[in-house]
Each structure stands twice: as structure tokens, then as C-alpha cells.
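Here the structure is laid out as C-alpha cells; the discussion comes afterwards.
The values are calculated or read from the model by the stated rules, or taken from the named source; none is laboratory data. These figures come from a predicted structure and were not determined experimentally. In this analysis, Cβ positions are derived from the backbone assuming ideal geometry, glycine residues included, and neighbour counts consider all displayed protein chains. Remember, those area values only see protein heavy atoms, side chains included, never the ligands or the DNA or RNA. Shrake-Rupley method; radii C 1.70, N 1.55, O 1.52, S 1.80 Å.
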Amino acid sequence: MGHFVVSKVTGMDDVKEGDRIEESDFSCLTDQGNFVQLKYVDEDDVVEGEEAKPGIFSMVKTMAGIKLERTEFTKDDVLKDFVNTKAVTEKIDKFFVAIPRYEKYGVFAKRGVLLYGPAGTGKTTMIAETARKYGADEETFVLIWHTDKIEAGDVKDFIKHLKYVGVKKMILIAEDIGGIEIDQARIRSESALLSLLDNQEATFKVPVIILATTNYPENFMGNLTNRPNRFDDKIKVGYPKGEHRAQLLKFYDKEDLCTESTFTLIASKKCDEFSPAHLREVIIRSAIYDMKPDDVIKDMVKEVEDFNRNFEEKAKRGMGLSNFEYDD
């Protein structure tokens, strides 16, 4: 079964000889003298999309398909002061202001921003702070894509059929985008992902920022990053500096376990690859194992060195990052 929809209504004076009427349409005249075209729509061809409203939402995969679920991020009032969220929000603000210029040149307003850097350096905190800012402005739809749970092709189809209600702008957030093939240390460059990033099939209907993160920039495919209109801006998120590490450690140290020597050690170059998660672990390990923080730090420095050495050896054996290929 299907139904008719009105595809065009004009006054008789507006209908001219030679005007095109679609072959699949029916036409009729109203009592008011209007010319009406009716198109038959089969119910099987109608795809009902979810309503996209201002706020923060996650895509959730269910037995009935992908659904929207309103989402909130937990606040990290400590870490947010040590990550440069402004590096992201400034670019988004400038993009939103420039939307009329895109329209002027006949270009769809879309931009990609990639946050890259080691795990635990604050990329998720930057994402959370950004989502909170724009999710509260009453005209931006913030959509979270958990890339490990939903394939790019499904995301593309879902977004394509969204119904926008009170939405003027969109931010699509994709954490750990790309997926990694561990056996070859290579990113899967799916055609659906490239199509989504390029908006080849008019997937996005409102101006959009695609904000993505990866822990492995050296693995990321060149056709995803080294090309405008996919990820136009790349922002490196590095480890905290020495003085920031000392400040974070002081915050986590609720029982005054650390001494001045501890703060000097944590600020030294030996700890340059310590993330906020490492600093929290210094205090936790000291408390549960009854160890001095200085000794814990020395053990963790050795763990980081051992990991880096093993990783480099794996790469030399042809199993690591130097062996990946670019896909078109």
C-alpha cells in the first residue's frame, strides 16, 4: 500500500505550455483554479528518520536499528584546566561564523578536525568540553559516534534520514576513528567512511563539523588526513608539561604521600611520557602497595621505556607501523 503526496501546486496562470509533468505524477484542477500534481509514494519507499534536536545525543544500536539517546559527559574539573580545548572551539566558532561565505561560493559548509596524540593525554576531555559548550546553544545537534560499535556505512545511512527539528548546525564526534588491523598495523579505509567524510551522497543536510580523535596518527591513512575536505585541521594533543605534571600530582595526592623530591622527579624529562592517567596511578599504587611515590615513579618510568623498546623491536621485524600501505 502507498499514498499520494502533493508535489506541486500552482495557479493556472503559472502553468505554461511545455511545462514538465513527471510521468509518475497525477494532476488535477481544484475548484479554486489551481493546478495540482500528485505523486504516488509506496510505503516501502518511505524511510522514517529519527528527530535530530539541539543537544548532545549518542547513536545506539538496537534490535530495531540505530536510535538516538540523549547523552551527558561527566565533568573533569581538574583535567579540563590542563588541556587546550580552546584550540578546538576557536576553529569551530570561526567555521560557524563563516557559514554564509560557504553559501556565497556554492559550497556545502562542512569541515573536519582531527585530534591526535597518545592515549590518556586529554582528547576525550577536550571532546566533552566541546560537546557541552555547543550542546547548550539551542541550535546545535551534537552527535556521538562510537566507532567500535557502529560501522561507517550504517552511520551514513542513519544521518542521511535524520529529521532536523530546530537545528541549524551539527557536530559529529567520532572517537578512535578508523579502526586498526592489529596484524598488519594498518587502518581500514572503508569506502563508506570516505563517502561520509566527503559528503558524496548529501548525507549531511545542515552545516557540520566532523570532530574525530585517534591515538595512532602514524597509522592513519594518507587518504584520510592528507587531503582537504576530509580532515582539514589536525591538532596534536601531547603529554602534560613538567610543571603541569607536578600540579596534577599535587591534586591527586589527597594524603600528602609526596615530598618535594617527588614533585621534582615527576617534572623531570624522565617523566615526559606520563599522561594524567600515569599521575593518578602513582598515587593509587603508592597507597595500595604501601610504596614511596618516588619508587613508584621510577618503576613506571622503566615500564614506559620497556614498552617503547618492545614496540620499536616489533616495527623492525616488519610487523609494526613502517609496513602499512595507503589505499585510494
Task: Simple label model, 7 Å out from Cα along Cβ direction - residue 202 to residue 154, nm - done: 2.7 nm
Task: Protection proxy ranking, peptides 112-125, 162-175, average beta carbon neighbours within 10 Å, highest first - done: 112-125, 162-175
- [ ] Go through the stretch 239-256 residue by residue and turn each phi into a ³J(HN,Hα) via Karplus (6.51, -1.76, 1.60, θ = phi - 60°); whole Hz please, and just put x for glycine and proline.
- [x] 6, x, 6, x, 5, 6, 4, 5, 5, 5, 5, 5, 5, 6, 7, 7, 10, 6
- [ ] Take the alpha carbon atoms of the stretch 102-162, find their center, do the same for the stretch 250-276, and report the distance between the two centers in whole angstrom.
- [x] 35 Å
Open item on the list: Using only the heavy atoms of the protein chains and a 1.4 Å probe, how would 66, 288 rank by accessible area, largest first?
Closed with: 288, 66
Open item on the list: Beyond a 32 Å Cα-Cα separation, which of these cross-linked pairs lie in this structure: 67/241; 75/270; 160/241; 67/168; 104/149?
Closed with: 67/241; 160/241; 104/149
